[in-house]
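Worksheet: the structure to be examined is printed underneath.
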Amino acid sequence: MVQIHLRAPFYFMPKLPKIPYKLYNEHNRERNACLDLSDRLRILSKSTISFLIKNHRQVVDKNLPVMEKTFATLQDKLKYHPYLYAVPAINVGFEEYVEAVLLSNYLKNKPLPTAASLKVTADTYLGGLSDLTGELVRLAHQDKKQVKTIHDYVAKIYDLTIPLSITRNNSTRTKLETIGTNLKKIESVIYDLKLRDKI
């Protein structure tokens, strides 16, 4: 009788993966540096917006060059690490910067810069533009002589954004909906002023 000897299966262990320690540490270092720059840009832009609304032009004129330098430094870093654009917190600073620049141009009665000229993404630009309309609501409350002009301007911005097809439920869609809400707020200001015979 023939005996069959069954050999236990032998499994080869594949070579262990090479952990990218250096790449990981570099990623974290650059991510933190960009987050820090973005936060500085956000704070600086927010304070500039506040000074613009209060018409403190001297402070604004000092802030704008610092803002532009911080913005340029952040952009340069992202050129070498474009994957960091996917970090939402980094775009917060960009959006605030766009809002400040748009508001500054509006108050100077200068054409608003485009997304291309500012070197930002379409989503970032639309977010900043939406936030601009919120600042224009504040101006409408402060200056009844300008309220109708502000209303017409925001109404035209709203009309320009209507053709945008945004089907996904994301922050850009929410921001664009805010433009319509801000327009209604300005209409309420006008209605209130008319009731009190102020305009």
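Nearest 0.05, what FRET efficiency do Glu26 and Tyr158 give at R0 = 41 Å with Cβ-Cβ as r?
Values: r = 44 Å, r/R0 = 1.08.
My answer for the efficiency is 0.40.
Going by Cα centres, the range 108-134 and the range 19-84 are how many Å apart?
Between the Cα centre of the range 108-134 and that of the range 19-84, the gap is 17 Å.
To the nearest 20 debye, what charge dipole does the chain have about its Cα centre, counting +1 at the Cβ of each Lys and Arg and -1 at the Cβ of each Asp and Glu?
On the way: 31 positive and 20 negative charges, 49 e Å.
The dipole magnitude comes to about 240 debye.
Could you work out which residue, out of Phe94, Phe71, Phe51, moves most in a Gaussian network model of the chain, that is, has the largest mean-square fluctuation with Cα springs under 10 Å?
Phe51
Using the structure shown, list the pairs from Lys110/Lys198; Lys54/Lys194; Lys54/Lys198; Lys54/Lys108 with a Cα-Cα distance above 18 Å, or answer none.
Details: Lys110/Lys198 28 Å; Lys54/Lys194 25 Å; Lys54/Lys198 22 Å; Lys54/Lys108 14 Å.
Beyond 18 Å between Cα atoms: Lys110/Lys198; Lys54/Lys194; Lys54/Lys198.
Go ahead and estimate [θ] at 222 nm for the chain from helices alone: -39,500 (n - 2.57) per DSSP H run with n ≥ 4, summed, over the residue count, rounded to 500.
On the way: 7 runs with 142 residues, N = 199.
Here the helix-only value at 222 nm equals -24500 deg cm²/dmol.
Using every alpha carbon pair in the chain, what percent of pairs falls into each 5 Å bin from 0 up to the bin containing the largest distance?
Values per bin, smallest distances first: 1, 7, 13, 15, 15, 12, 10, 6, 4, 3, 2, 2, 2, 2, 2, 1, 1, 1, 1, 1, 0, 0, 0, 0.
Using a Förster distance of 41 angstrom, determine the FRET efficiency expected from the C-beta separation of Asp61 and Ile19, and round it to 0.05.
Numbers: r = 50 Å, r/R0 = 1.23.
So, using R0 = 41 Å, E works out to roughly 0.20.
So for the range 40-90, Kirkwood radius off the Cα pairs, Stokes-Einstein at 25 °C and 0.890 mPa s: how many µm² s⁻¹?
Working: Rh = 12.0 Å.
D, rounded to a whole number, is 205 µm²/s.
Suppose R0 equals 30 Å; then what is the FRET efficiency for Asp143 and Ile166 from their Cβ-Cβ distance, rounded to the nearest 0.05? Intermediate results must be reported in sequence, preceding the final value.
Details: r = 32 Å, r/R0 = 1.08.
Efficiency, rounded to the nearest 0.05: 0.40.
By how many nm would the segment from Thr114 to Leu193 grow when fully extended, if each residue of separation counts as 0.36 nm and the alpha-carbon distance is taken off? It would help to have the intermediate numbers written out before the result.
Values: separation 79, 0.36 × 79 = 28.44 nm, distance 3.38 nm.
Gain on extension, Thr114 to Leu193, equals 25.1 nm.
Averaged across orientations, what area in nm² does the convex hull of the alpha carbons in the range 130-199 project? Before the final figure, lay out the partial values.
Details: hull surface 18.0 nm².
In nm², the orientation-averaged hull projection of the range 130-199 is 4.5.
Excluding Asn170 itself, calculate the net charge of residues whose Cβ lies under 13 Å from the Cβ of Asn170, where each Lys or Arg counts +1 and each Asp or Glu counts -1. Working shown, then result.
Values: positive: Arg168, Arg173, Lys175; negative: Asp123, Glu177.
Charge balance near Asn170 sits at +1.
Can you give the extra length, in nm with one decimal, that the chain gains between Thr181 and Glu68 once fully stretched, where that is 0.36 nm per residue apart less the Cα-Cα distance? The partial results should precede the final answer.
Numbers: separation 113, 0.36 × 113 = 40.68 nm, distance 3.03 nm.
Gain in length upon complete extension: 37.6 nm.
Each reported figure results from applying straightforward, stated rules to the coordinates on display, with no laboratory input. Small disclaimer: the values here were computed from a predicted structure and weren't measured. Glycine gets a Cβ as well: all are built from the backbone with ideal geometry, and neighbour counts include every protein chain shown.
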